[in-house]
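The values are calculated or read from the model by the stated rules, or taken from the named source; none is laboratory data. The model shown is predicted, which means the values in this text are computed figures rather than measured ones. Note that each Cβ is placed from the backbone with ideal geometry, even for glycine, and that neighbours are counted across all protein chains shown. Accessible surface is based on the protein model in full, side chains and every heavy atom, while ligands, DNA and RNA are left aside. Shrake-Rupley method; radii C 1.70, N 1.55, O 1.52, S 1.80 Å.
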Amino acid sequence: MSSEERIIDIEMKLAHQEHLVDELNQTVYRQQKKIEELELLLGALAKRFRELSDTSQDRAPANEKPPHY
C-alpha cells in the first residue's frame, strides 16, 4: 500500500468518525431535551398528587372508622 493510499484510507476513516460523532451529539441533545421534558412533567404530577393528598386528608381523617363499621 502506498503512502497516498494510506492517507486516503485514514481520511475516509476520519470522515466516518466525524459523521458518527455528529450523530451521537444529536442523539445526546435529543435525549437531554426529552429528560428535561419528563422532569417538568414529573414535577407537575408530583405537585398535583400533593394537592390531591392535601384535599383528601381534609375529607377523611385517618383515625375515623369507615361508615360501614
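Grab the Cα-Cα distance for A15 and R50, subtract it from 0.36 nm times how many residues apart they are, and report the gain in nm with one decimal. Write out the running numbers ahead of the final one.
Details: separation 35, 0.36 × 35 = 12.60 nm, distance 5.26 nm.
Answer, rounded to one decimal: 7.3 nm.
Which residues does the label zone of L41 cover in the stretch 8-35, counting backbone N under 17 Å from a point 7 Å along Cα→Cβ?
Output list for this probe position: 30-35.
Out of the total accessible area of the chain (probe 1.4 Å, heavy atoms of protein only), what percent is carbon and sulfur?
On the way: 4060 of 6970 Å².
Taking all protein chains in place, the chain shows 58 percent carbon and sulfur surface.
Could you work out how far helix 3-59 tilts from the main Cα principal axis of the chain, as a 0 to 90 degree angle to the nearest 10?
Approximately 10 degrees, to the nearest 10.
Once the other residues with Cβ under 13 Å from the Cβ of T27 are scored (Lys, Arg +1; Asp, Glu -1), what is the net sum?
Values: positive: R30, K33, K34; negative: D22, E23.
Neighbourhood net charge equals +1.
Rounded to whole Å and sorted largest first, list the principal axis extents of the Cα atoms in the chain.
93, 21, 13
Under unit Cβ charges (Lys, Arg +1; Asp, Glu -1), what dipole magnitude, rounded to 20 debye, does the chain have relative to its Cα centre? The partial results should precede the final answer.
Details: 10 positive and 14 negative charges, 145 e Å.
Here the size comes out at about 700 debye.
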